[in-house]
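The structure appears right after this line, and notes come after that.
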């Protein structure tokens with residue numbers, strides 16, 4: 001596609017971006033409630049036993065495994081938030097299981113990288129991340 | 001009751017992908033998928049995919065040692081990308097096919113395995129003429 005062909009960061013194979021990520025559910029209604037009401041992501045549409053969310057232009061596809069081989073936990077997705085302390089407090093208030101309080105993972109050149117791990121309704125480990133500029 | 005101002009999940013910054021051999025996986029993501037390699041930090045290898053960072057890593061514990069979520073990589077020309085990936089040695093599960101007819105475009109997909117056995121996909125939204 002011409003609009004992306006000049007993107008210098010583009011893959012030599014022509015990969016422009018990640019369009020979608022699948023997340024296996026054991027109860028799609030429960031998972032839909034979690035991603036919509038707890039994480040606050042916009043629900044795009046549902047199709048049968050699948051629910052599609054938007055996260056900053058990447059589509060999350062929630063649905064049951066189509067074969068036993070695929071029935072395993074999700075990759076860890078690291079969701080960016082502006083204020084990790086506030087987001088952590090909010091998750092705690094909403095009863096979300098937290099791995100450990102927010103911690104400084106890596107001091108980078110221009111910012112500190114903070115993360116906090118949590119469990120979604122399906123037992124997947126996810127993370128919030130925030131890049132805090134050095135003052 | 002959901003995440004409020006300051007706590008909004010704006011976008012995905014990073015995705016962890018389990019590898020059993022980080023060198024082998026780095027070669028696959030760099031040379032076969034052709035993604036820009038950002039940096040290496042010990043057993044961690046970082047790539048950029050359109051602003052999302054991919055982190056290749058060995059699982060720290062047996063409970064974390066499971067395949068990746070299916071990541072659907074968007075391409076402009078799925079047939080050309082399929083052919084190049086196949087030529088690069090990637091194992092495909094199927095040929096590119098229409099998976100859904102959306103109002104304005106056909107959604108094409110094809111599924112393949114990375115060097116670590118993770119199931120991944122190419123996707124392409126082909127506008128209806």
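Could you identify the single residue in A:106, A:87, A:47 that is loosely packed, with under 13 Cβ neighbours inside 10 Å and assigned by TED's automatic domain parsing to the domain that holds residue A:134? Steps first, please.
Numbers: A:87 fails: loosely packed, with under 13 Cβ neighbours inside 10 Å; A:47 fails: assigned by TED's automatic domain parsing to the domain that holds residue A:134.
When all the criteria are applied, what remains is A:106.
Among the residues making up the stretch B:15-41, those that are in contact with a helix residue (DSSP H, G or I) (Cβ under 8 Å, 6 or more places away or on another chain) and over 20 Å from residue B:85 (Cβ atoms) are B:18, B:40.
In summary, residue A:100 fulfils each of the numbered conditions (1) without any contact (Cβ under 8 Å) to a residue 24 or more places away in the chain; (2) under 17 Å from residue B:16 (Cβ atoms); (3) facing chain B (nearest Cβ under 9 Å) with the single exception of condition (3). Applying the set (1) facing chain B (nearest Cβ under 9 Å); (2) within 18 Å of the chain's Cα centre (by Cα); (3) loosely packed, with under 15 Cβ neighbours inside 10 Å to residue A:80 leaves exactly one unmet item: (3).
With respect to the stated conditions, residue B:57 is within 21 Å of residue A:21 (Cβ to Cβ) and either without any contact (Cβ under 8 Å) to a residue 40 or more places away in the chain or surrounded by 15 or more Cβ atoms within 10 Å (Cβ to Cβ) (or both).
Entry remark, the stretch A:118-132: residues being assigned to a loop (DSSP other than H, G, I, E, B) and surrounded by 14 or more Cβ atoms within 10 Å (Cβ to Cβ) number 4 in total. Specify the residue that is nearest to residue A:15 (Cα to Cα); the eligible residues are those in the stretch A:49-70 that are out of contact with any strand residue (DSSP E or B) (no Cβ under 6 Å at 6 or more places or on another chain) and touching a residue at least 12 places away in the same chain (Cβ under 8 Å). Selected residue: A:57. Filter the stretch B:27-45 down to the residues that are under 21 Å from residue B:66 (Cα atoms) and under 13 Å from the mean Cα position of the chain (by Cα) and list them by number. Residues satisfying the conditions are B:28, B:29. Of the helices (runs of 4 or more DSSP H) lying entirely inside the stretch A:1-117, the ones with 2 or more residues being at pLDDT 95 or above are found at A:28-33, A:84-93.
The values are calculated or read from the model by the stated rules, or taken from the named source; none is laboratory data. Note that the structure is predicted; figures quoted are calculated from it, not measured. Backbone-built Cβ (ideal geometry, glycine too); neighbour counts: all protein chains shown.
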